[in-house]
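Participant: Dumping the structure here so I can ask a few things about it.
The values are calculated or read from the model by the stated rules, or taken from the named source; none is laboratory data. Keep in mind that what you see is a predicted model, and the values were worked out from it rather than measured. For neighbour counting, all protein chains shown are included, and Cβ atoms are generated from backbone atoms with ideal geometry for every residue, glycine included. Keep in mind that these areas ignore ligands, DNA and RNA; they rest on the heavy atoms of the full protein, side chains included. Shrake-Rupley method; radii C 1.70, N 1.55, O 1.52, S 1.80 Å.
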Amino acid sequence: MADSSESPPESTPTSDPSYDLIASRRQPLDAIFRPDNVAVIGASEAAGSVGRTLLWNLVSNPFGGTVFPVNPKRDSVLGIEAYGRITDVEADVDLAVIATPAPTVPGIVEECGEAGVDGLVIVSAGFREVGEEGAELEREVKAAAREHDIRIIGPNCLGVMRPPNGLNATFAGSMAQEGNVAFVSQSGALLTSILDWSFRENVGFSAFVSIGSMLDVDWGDMIEYLGDDPKTDSIVLYMESIGNARSFLSAARDVALSKPIIVIKAGRTQAAAEAAASHTGTLTGSDAVLNAAFRRSGVLRVDDINDLFYMAEVLGKQPRPEGPRLTILTNAGGPGVLATDALIDGGGELTSLSPEAMDAFDEILPEAWSHSNPVDILGDADPERYAKSLEVAAEDENSDGLLVVLTPQAMTEPTRTAEHLRPYARDNRKPVLASWMGGDAVSPGENILNEAGLPTFAYPDTAARVFNNMWRYSYNLEALYETPSLPEDAEGIPDREAATAIVEETHESGRVLMTEYGSKQLLSAYGIPTVETRVAETPPEAVDAAQAIGYPVAVKLHSKSITHKSDVGGVHLGLTGDADVEAAFDQIRDNVTGQGFDGVTVQPMVDRSDGYELIIGSSMDQQFGPVLLFGSGGQLVEVYKDRALGLPPLNTTLARRMMEQTKIYDALKGVRGRDPVDLDALETLLVRFSQLVVEQPRVKEIDVNPLLARPGDDGLLALDARVVLHPYSTEEQDLPTSAIRPYPRQYVGTHTMRSGAAVTIRPIRPEDEPKLVTLHERLSERSVYLRYASLMKLEQRVAHDRLARICFIDYDREMALVAERTDEQGEDEIIGVGRLTQQPGRNEAEFGMLVIDEFQEEGIGTELLRRLVQVGEDEGLDRITADILQQNRAMQRVCEKLDFDIVHSDDPAENMVKAVKSL
């Protein structure tokens with residue numbers, strides 16, 4: 001990323017869909033999924049043994065390579081020459097499958113490293129799931145693997161299958177059929193059950209993986225690898241524990257828009273969670289928080305194994321609905337009612353038929369049709385009536401999806417009807433689902449529809465449930481890539497220095513509980529309005545404070561150690577005179593026995609009659625770090641339990657989505673003649689609150705309850721607040737971090753161009769999308785060619801899906817810096833972008849650059865690249881590379897100036913050179 005005249009085409013970052021994601025070079029996990037040679041360590045001839053089954057599966061399913069049995073006690077296994085140790089094998093071994101007792105595995109891994117093995121599948125059990133002794137064995141295995149840069153699947157797993165290339169490195173009884181669904185499971189037993197089911201249902205797989213206890217390769221690694229796999233259209237997961245939460249979220253957010261990720265997570269109930277923990281030796285975490293994480297990463301969670309594969313099929317064949325409204329066409333009333341119940345129970349809606357649709361139905365249907373949705377086209381419906389009705393329903397702008405139900409009645413023609421509906425299977429605007437109810441009589445019609453890409457279901461309520469999953473999946477994805485607005489910061493807000501000083505004052509005193517007064521000061525530093533609060537240590541001070549505020553007032557306990565003031569009689573409300581204030585002070589002091597009385601706070605009484613009591617808060621999850629809460633507040637917060645959880649940091653779109661998940665949200669929009677609350681202001685408040693949570697890592701918990709929300713300007717007010725810090729003994733480096741990396745403010749800075757004008761260089765934000773559209777509109781064709789090695793059209797470059805992914809990045813996976821200046825009209829504009837994208841499975845990154853023509857030769861590209869190199873060093877990368885057109889000498893000179901090596905290809909036809917810098 002440099003001046004456009006210096007611009008290399010950026011090399012296949014997964015965040016930029018303008019590039020082909022098919023891996024053009026070998027990735028580390030290819031050693032496991034695309035090996036040339038495989039060794040089976042622990043190969044055996046004992047009937048029914050794991051070692052024998054593994055070896056037999058590998059040799060009986062040709063994958064294009066050689067299999068080497070390793071067994072020190074035998075000269076041959078199954079007639080194949082055996083080796084005493086892996087180091088005795090003369091050929092290069094890519095993958096070793098280990099099936100030996102757990103205590104032997106650390107030494108074997110060390111030998112594999114000496115032999116140059118790149119990938120391991122450890123099927124052996126007896127590690128952390130059996131206790132501390134097994135956990136120590138895992139640590140030894142991990143240390144040996146890291147020393148030799150070996151990737152590991154397992155231990156305690158069934159192995160891996162790769163049907164497209166014939167690899168079966170498992171001890172399952174059969175080889176899966178080839179297909180386009182990747183299935184990854186933490187349970188080997190479930191994997192074999194699904195394998196057996198798949199033969200009956202004729203389901204095929206692109207990968208079939210037992211991931212085990214995830215000593216090394218985890219969910220994030222698998223999602224990332226399968227996301228780049230051209231043989232995989234959708235990714236299906238059976239999960240018992242999430243492991244590295246940040247890795248999972250990072251990979252899922254990157255892949256979810258291009259490939260559906262569907263997960264069934266065991267452990268929703270406490271008993272199931274305990275069973276899962278004992279199975280994997282890993283904590284399962286809070287289920288409600290996990291749901292929030294799935295929503296944030298665009299992952300669809302289902303509760304039924306059937307739904308796993310229903311959704312993989314449907315999302316692969318049909319477009320995603322834009323909303324929850326479904327039109328149901330049926331030739332019988334009962335099935336339509338069943339589908340309606342399932343739809344509504346799952347949060348979907350029946351389409352309200354438009355007047356145009358009603359008129360069209362009246363023209364083609366008998367007078368006795370239902371005149372409502374579900375659209376009952378009557379039992380004598382022939383194929384033509386079905387087809388015409390479906391066409392009308394599809395044209396209804398009120399509808400987001402269609403369900404066609406057929407019951408076999410005397411005049412029904414299931415097969416011919418299916419033939420007539422075949423053209424609508426690929427409408428590409430709205431999803432179409434079908435339920436052909438019955439047995440043998442309808443199966444030919446089902447086959448016709450399925451082959452055409454129109455999914456069929458035995459029962460209409462199942463189809464309705466699938467539709468609900470579809471629109472919910474779309475809803476989650478839209479939140480990921482919808483362009484948010486940027487909250488306007490008031491001058492000095494947030495005041496990070498003041499906030500940090502407030503937190504440190506409590507921390508340095510050795511306390512974990514911040515006073516209510518301190519808690520409100522902390523909120524105020526982030527622009528969250530709080531009720532005026534004054535501290536008084538004597539009755540006269542309390543009276544002075546009340547007189548200054550104005551009666552009526554509230555007097556509350558001020559304490560550095562007592563959390564719940566009401567429990568000790570520490571709250572007096574509606575005080576109207578000096579004597580009342582003095583009496584309240586004395587009574588609160590008398591109520592608090594021993595330590596805990598540090599004075600009182602005096603606050604104005606606030607009229608709550610026209611407002612709503614809300615709660616916002618943050619607490620710690622053992623796997624995801626800080627988690628945000630929003631919902632109905634007040635004294636009955638635990639009774640109503642109307643709340644939504646989310647992961648910080650938020651933007652305005654994500655804040656609105658949290659609000660939409662609660663019941664109180666409908667009231668906030670205005671009900672029964674009451675004016676609405678300023679929802680934009682509430683969005684901004686939630687965004688600022690999330691900033692506080694991620695920027696103040698010493699804060700463990702925050703409760704703002706109640707947050708009063710009233711109509712009109714300045715209608716939001718925090719009436720009470722409670723902040724708890726992590727223990728004083730917790731070191732800075734041991735403080736929990738958010739599962740999603742927050743905005744990296746350390747990379748914000750200024751730079752002076754050669755012309756003398758100042759620019760701000762900062763990491764990109766989701767809100768930058770409109771500015772990038774303007775940037776692309778100002779590029780010359782030459783700049784476009786030098787950047788993309790082709791004349792990529794403007795409409796492609798500024799497509800929302802593309803720019804949203806470029807702007808809404810995961811700062812753990814890549815860094816994009818923008819150069820921003822203020823124009824003559826006082827508007828901020830982006831004039832250059834530099835991007836550093838980490839390569840999957842490697843500790844290196846590729847950079848790319850783009851600067852608009854009129855600001856080239858100003859040194860912006862050089863400065864962006866210099867800062868990207870600094871980012872790479874800060875993030876611990878080993879090297880940075882770029883592919884540059886040979887004719888782009890300007891960019892090559894910039895690279896040379898920053899100590900990159902320019903590597904030329906030996907192929908005279910190659911028009912690219914590679915810039916390489918080791919860090």
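Participant: Between residue 429 and residue 177, take the C-beta separation as r, use R0 = 35 Å, and let me know the FRET efficiency to the nearest 0.05. Before the final figure, lay out each step's value.
Facilitator: Values: r = 32 Å, r/R0 = 0.91.
The value I calculate is 0.65.
Participant: Order 597, 624, 199, most accessible first, counting only protein heavy atoms with a 1.4 angstrom probe.
Facilitator: Details: 597 50, 624 5, 199 80 Å².
The most accessible residue leads, giving 199, 597, 624.
Participant: Which of the three applies to region 520-622, rounded, prolate or oblate, going by the alpha-carbon gyration tensor with a ≥ b ≥ c and a/c under 1.5 meaning rounded?
Facilitator: Details: a/c = 1.81, a/b = 1.24, b/c = 1.47.
Taking the square roots of the gyration eigenvalues as a ≥ b ≥ c, region 520-622 is oblate.
Participant: Can you give the accessible area per residue of region 860-919, in Å², using a 1.4 Å probe? List each step's numbers first, then the result.
Facilitator: Working: 2950 Å² over 60 residues.
The answer is 49 Å² per residue.
Participant: So for the pair residue 666, residue 680, with labels modelled 7 Å out along Cα→Cβ, what separation do we get in nm?
Facilitator: Inter-label distance under the simple model: 2.6 nm.
Participant: Would you please give the FRET efficiency between residue 337 and residue 607, computed as 1/(1 + (r/R0)^6) with r the Cβ-Cβ distance and R0 = 45 Å, to the nearest 0.05?
Facilitator: Values: r = 48 Å, r/R0 = 1.07.
About 0.40, to the nearest 0.05.
Participant: If the chain between residue 911 and residue 822 were fully stretched, how many nm would it gain, using 0.36 nm times the residue separation less the Cα-Cα distance?
Facilitator: Details: separation 89, 0.36 × 89 = 32.04 nm, distance 3.78 nm.
That works out to 28.3 nm of additional length.
Participant: Let me ask something additional. What order do you get for 676-683, 773-780, 834-841 when each peptide is scored by the mean count of other beta carbon atoms within 10 Å, highest first? Don't jump to the answer; show the numbers that get you there.
Facilitator: Values: 676-683: 18.5, 773-780: 16.1, 834-841: 22.2.
Averaged packing, sorted descending, gives the order 834-841, 676-683, 773-780.
Participant: Heavy atoms only, probe 1.4 Å: what % of the accessible area of region 480-583 goes to carbon and sulfur, would you let me know?
Facilitator: On the way: 2370 of 4860 Å².
So the carbon and sulfur contribution to the accessible surface is 49 percent.
Participant: So, R0 is 41 Å and r is the distance between the beta-carbons of residue 733 and residue 193; what FRET efficiency does that work out to, to 0.05? Display every interim value, and only then the final one.
Facilitator: Numbers: r = 44 Å, r/R0 = 1.07.
FRET efficiency, residue 733 to residue 193: 0.40.
Participant: Between residue 586 and residue 46, what is the spin-label point distance in nm, taking each point 7 Å from the Cα along the Cα→C-beta axis?
Facilitator: Computed distance between label sites residue 586 and residue 46 equals 8.6 nm.
Participant: Taking a ≥ b ≥ c as the square roots of the eigenvalues of the Cα gyration tensor of region 857-919, is the shape rounded (a/c under 1.5), prolate (a/b larger than b/c) or oblate? Walk me through the numbers on the way to the answer.
Facilitator: Details: a/c = 2.92, a/b = 1.40, b/c = 2.08.
It is oblate, given that a/c is not under 1.5 and a/b is not larger than b/c.
Participant: Considering the options 604, 28, 870, tell which one lies farthest towards the positive end of the dipole of the chain, charges being +1 on Lys and Arg and -1 on Asp and Glu at the Cβ, about the Cα centre.
Facilitator: Going by the Cα projections, it comes out as 28.
Participant: Expressed as a whole percentage, what fraction of the accessible surface of region 324-449 belongs to carbon and sulfur atoms when a 1.4 Å probe is rolled over the protein heavy atoms?
Facilitator: The nonpolar share, carbon plus sulfur, comes to 50 percent.
Participant: Are any of the pairs 520/663; 560/663; 317/663; 641/669; 560/700 more than 25 Å apart by Cα-Cα distance, and if so, which?
Facilitator: Details: 520/663 27 Å; 560/663 35 Å; 317/663 34 Å; 641/669 20 Å; 560/700 16 Å.
Beyond 25 Å: 520/663; 560/663; 317/663.
Participant: For Cα Rg over 2.2 N^0.38 Å, which listed value, (i) 1.38; (ii) 1.07; (iii) 0.99, comes from the coordinates shown?
Facilitator: It is the one labelled (ii).
Participant: Now for a separate question. Roll a 1.4 angstrom probe over the protein heavy atoms and tell me the percent of accessible area of region 704-860 that is carbon or sulfur. Before the final figure, lay out the partial values.
Facilitator: Numbers: 2910 of 6440 Å².
The computed percentage sits at 45.
Participant: Give me the extension gain from residue 801 to residue 857: residue separation times 0.36 nm, minus the current Cα-Cα distance, reported in nm with one decimal.
Facilitator: Values: separation 56, 0.36 × 56 = 20.16 nm, distance 3.12 nm.
Extra length from residue 801 to residue 857 when fully extended: 17.0 nm.
Participant: Within the chain, what percent of beta bridges assigned by DSSP are antiparallel, to the nearest 5? Let's see the in-between values first.
Facilitator: On the way: 84 of 139 bridges.
Among the beta bridges of the chain, antiparallel pairing accounts for roughly 60 percent.
Participant: Determine the per residue accessible area of region 595-664 with all protein chains present and a 1.4 angstrom probe, expressed in square angstrom. It would help to have the intermediate numbers written out before the result.
Facilitator: Values: 2870 Å² over 70 residues.
Accessible surface, normalised per residue, equals 41 Å².
Participant: Just order 638-650, 581-593, 213-225 by mean Cβ neighbour count inside 10 Å, highest at the front, would you? Kindly include the intermediate steps, with their values, before the conclusion.
Facilitator: Working: 638-650: 18.7, 581-593: 17.2, 213-225: 23.6.
Put in order of decreasing packing, that is 213-225, 638-650, 581-593.
Participant: Right, here's the next one. Relative contact order for the chain using alpha-carbon pairs under 8 Å, separation at least 6, rounded to a whole percent? Don't skip to the answer; put the middle values down first.
Facilitator: Details: 2006 pairs, mean separation 107.1, N = 919.
It comes to 12 percent, rounded to a whole number.
Participant: Okay, next question. Distance between Cα centroids, region 202-234 to region 373-438: provide it in whole Å.
Facilitator: One Cα centre to the other: 36 Å.
Participant: Turning to a different aspect of this structure: Residue 893 to residue 136: extension gain in nm, 0.36 nm per residue of separation minus the Cα-Cα distance?
Facilitator: Values: separation 757, 0.36 × 757 = 272.52 nm, distance 5.14 nm.
Fully extending the segment from residue 893 to residue 136 adds 267.4 nm.
Participant: Taking square-rooted eigenvalues a ≥ b ≥ c of the alpha carbon gyration tensor, is region 687-804 rounded, prolate or oblate, where a/c under 1.5 means rounded and, failing that, a/b exceeding b/c means prolate?
Facilitator: On the way: a/c = 2.63, a/b = 1.93, b/c = 1.36.
Prolate shape, in that a/c is at least 1.5 and a/b is the bigger ratio.
Participant: Can you tell me which of 564-577, 466-479 comes out highest on packing, and rank the rest after it, using the mean Cβ neighbours within 10 Å? Don't skip to the answer; put the middle values down first.
Facilitator: Working: 564-577: 14.9, 466-479: 21.6.
Averaged packing, sorted descending, gives the order 466-479, 564-577.
Participant: If you count only protein heavy atoms with a 1.4 Å probe, what accessible area per residue comes out for region 435-593, rounded to a whole Å²?
Facilitator: Details: 6930 Å² over 159 residues.
Per residue, region 435-593 has an accessible area of 44 Å².
Participant: Per the Kirkwood formula on distinct C-alpha pairs, the Rh of region 313-427 is how many angstrom?
Facilitator: 14.4 Å is the Kirkwood radius here.
Participant: Next question. Based on alpha-carbon centroids, what's the gap between region 609-670 and region 55-123 in Å, whole number please?
Facilitator: With region 609-670 and region 55-123 each reduced to a Cα centre, they are spaced 54 Å.
Participant: Also, I was wondering about something else. I want to check the label-to-label distance for residue 352 and residue 364. Put each point 7 Å from Cα in the C-beta direction and report it in nm to one decimal.
Facilitator: My value for the distance between the label points is 2.4 nm.
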